[in-house]
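The values are calculated or read from the model by the stated rules, or taken from the named source; none is laboratory data. Just so it is clear, the structure is predicted and the values come from calculations on it, not from any experiment. Virtual Cβ from ideal backbone geometry, glycine too; neighbours counted across all protein chains shown.
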């Protein structure tokens with residue numbers, strides 16, 4: 001069931017729309033995005049971390065930003081806002097990452113959440129790109 005719901009959500013994401021079958025999603029805080037590079041490396045950084053906090057547990061979390069789709073993961077451990085299925089994150093490479101941080105600008109991020117019951121919820125928010133992740 002989760003695989004079917006995730007596949008349906010992915011089709012909606014790829015179609016580029018707000019996916020007609022989705023419900024509105026309210027996040028407890030704005031997602032966080034920042035450069036995730038070793039400070040000893042070259043000054044140009046294209047690795048980004050994205051974190052999303054949820055009010056209720058989810059089965060899958062996916063985000064669409066800068067023309068790409070990323071799938072976030074959750075892990076065991078943590079408590080409260082960082083508990084499994086409430087805190088999700090992903091690290092990925094994007095050629096525009098350093099420019100976003102240098103310009104201190106926000107970019108639109110659409111978050112898609114599949115609940116344990118198979119419902120898909122979505123929201124779009126502007127996320128500031130920080131110089132650092134973590």
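Just one of (1) modelled with pLDDT under 70; (2) buried (at least 18 other Cβ atoms within 10 Å of the Cβ); (3) in contact with a helix residue (DSSP H, G or I) (Cβ under 8 Å, 6 or more places away or on another chain) fails for residue 21. It is (2). Residue 109 meets each of the listed conditions (1) assigned to a loop (DSSP other than H, G, I, E, B); (2) in contact with a strand residue (DSSP E or B) (Cβ under 6 Å, 6 or more places away or on another chain) apart from (1).
If the condition is being in contact with a strand residue (DSSP E or B) (Cβ under 6 Å, 6 or more places away or on another chain) and not in a loop (DSSP other than H, G, I, E, B), then segment 88-106 contributes 88, 89, 90, 91, 92, 93, 97, 100, 101, 106. Entry remark, segment 62-84: residues being surrounded by 14 or more Cβ atoms within 10 Å (Cβ to Cβ) and farther than 15 Å from residue 33 by Cα number 3 in total. Between 63, 51, the distinction of being within 9 Å of the chain's Cα centre (by Cα) and under 15 Å from residue 25 (Cβ atoms) belongs to 63 only.
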